[in-house]
Amino acid sequence: QVQLVESGGGLVQPGGSLRLSCAASGSIFSIHAVRWYRQAPGKQRELVATITLSGSTNYADSVKGRFTISRDNAKNTMYLQMNSLKPEDTAVYYCNADILERPKLNRLDAWGQGTLVTVSS
């Protein structure tokens, strides 16, 4: 069974930084595209950043230049480095990945449980 576990959330002052991690475990053959989403209170979930297996990245306009998505394929771990944080970045952040699962190479749309990021003074 495949699991995604996020960590690294917390309370940070405006202008500060946090790094979120998403560790994948279980019967994994390969991890393809990985995405970070966020959902603020009372708002819809939004796509923040995407990274493909080859390392191509894409970002929401609201986080371009401040957030960086990356991955360590050897560790099956993905990251979201968040700099220059603003109060409007406050949300629960979710990791999502397209995974081929052993042994039958079933394609799995996996989600983590979310980690809360609060940006406040």
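Numbers below:
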{"quantity": "Residues of the range 8-32 satisfying the condition of being under 15 Å from the mean Cα position of the chain (by Cα) and either charged (D, E, K, R) or surrounded by 14 or more Cβ atoms within 10 Å (Cβ to Cβ) (or both)", "calculated": "8, 9, 18, 19, 20, 21, 22, 23, 24, 31"}
{"quantity": "Test: residue in the range 96-105 that is among the β-branched types (Val, Ile, Thr), surrounded by 13 or more Cβ atoms within 10 Å (Cβ to Cβ) and over 12 Å from residue 4 (Cβ atoms)", "calculated": "no"}
{"quantity": "Within the range 106-121, considering residues that are among the small types (Gly, Ala, Ser) and surrounded by fewer than 19 Cβ atoms within 10 Å (Cβ to Cβ), the one nearest to residue 46 (Cα to Cα)", "calculated": "114"}
{"quantity": "Conditions (1) open to solvent by less than 70 Å² (accessible area, probe 1.4 Å); (2) out of contact with any strand residue (DSSP E or B) (no Cβ under 8 Å at 6 or more places or on another chain); (3) free of Cβ contacts under 8 Å to residues at least 60 places away in the same chain; number of the one not met by residue 84", "calculated": "(3)"}
{"quantity": "Residue check, residue 70 of a type in the set (Gly, Ala, Ser) and open to solvent by 60 Å² or more (accessible area, probe 1.4 Å)", "calculated": "no"}
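The values are calculated or read from the model by the stated rules, or taken from the named source; none is laboratory data. Computed from a predicted structure; not experimentally measured. Don't worry about glycine lacking a Cβ; one is built from the backbone with ideal geometry, like all the others, and counts go over all protein chains shown. The accessibility values were calculated without ligands, DNA or RNA, using every heavy atom of the protein model including side chains. Shrake-Rupley method; radii C 1.70, N 1.55, O 1.52, S 1.80 Å.
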